[in-house]
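Comments concern the structure below.
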Amino acid sequence: AQTTPPLTTTDKKAIKSYDAAETYMRQQNFQGAIDLLNTALSRDPNFVEALQLRGAANFELKNTEQTIEDWKKSLEISPHINPSTNYFLAQLYLEQGEYTDAKKYFMAFKKVPNRTRKQIRTGLLVKY
């Protein structure tokens, strides 16, 4: 049995909002998820998983600037929480023609072990 690592917050109301947001993401109600994650983050601004998930919801809604902001902040707080974040940030920067930033995140991603990098590129580690 695989155990889920503990979340980066202990605030019960933030966790409740986060859990509900995960359900909204599975239902593709991205704006609803963002609203719940805003609530979670108002209770704990350093709730890394909520930042990651809000970034994913914003990505789905093509809110690139907010996606970048959330994912960058999540990496600042916890650089190793989700190895795919560097890869996806690099892709976003590349699409925007921000090559220096793209290179920075690709280089950080390159430090991830090969097996994990392959899983990320094939989408196996992307979840919500």
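The values are calculated or read from the model by the stated rules, or taken from the named source; none is laboratory data. Only a predicted model underlies this, so the values are computations on that prediction, with no experimental measurement involved. All Cβ positions, glycine included, derive from the backbone under ideal geometry; neighbour counts span all protein chains shown. Only protein heavy atoms, including side chains, enter the accessible area calculation; ligands, DNA and RNA are left aside. Shrake-Rupley method; radii C 1.70, N 1.55, O 1.52, S 1.80 Å.
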Selection from G55, L7, I68, by position along the positive dipole direction of the chain (Cβ): L7
Accessible area per residue, Å², the chain with all protein chains present, probe 1.4 Å: 62 Å²
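With a sphere of radius 13 Å drawn around the Cβ of E95, what net charge do the other residues whose Cβ falls strictly inside it have (Lys, Arg +1; Asp, Glu -1)?
-2
Determine the gain in length on full extension of the stretch I81-N29; use 0.36 nm per residue of separation and subtract their C-alpha separation, reporting nm with one decimal.
Additional length available on full extension: 16.3 nm.
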Along the chain, longest interval not containing exposed trypsin sites (Lys or Arg not before Pro), exposed being DSSP loop plus at most 14 other Cβ atoms within 10 Å: 1-61
Sparsely packed chymotrypsin sites (Phe, Trp or Tyr not before Pro) within the range 68-113, loop by DSSP, other Cβ within 10 Å at most 14: none
Residue-level accessible surface for M107, protein heavy atoms, 1.4 Å, Å²: 90 Å²
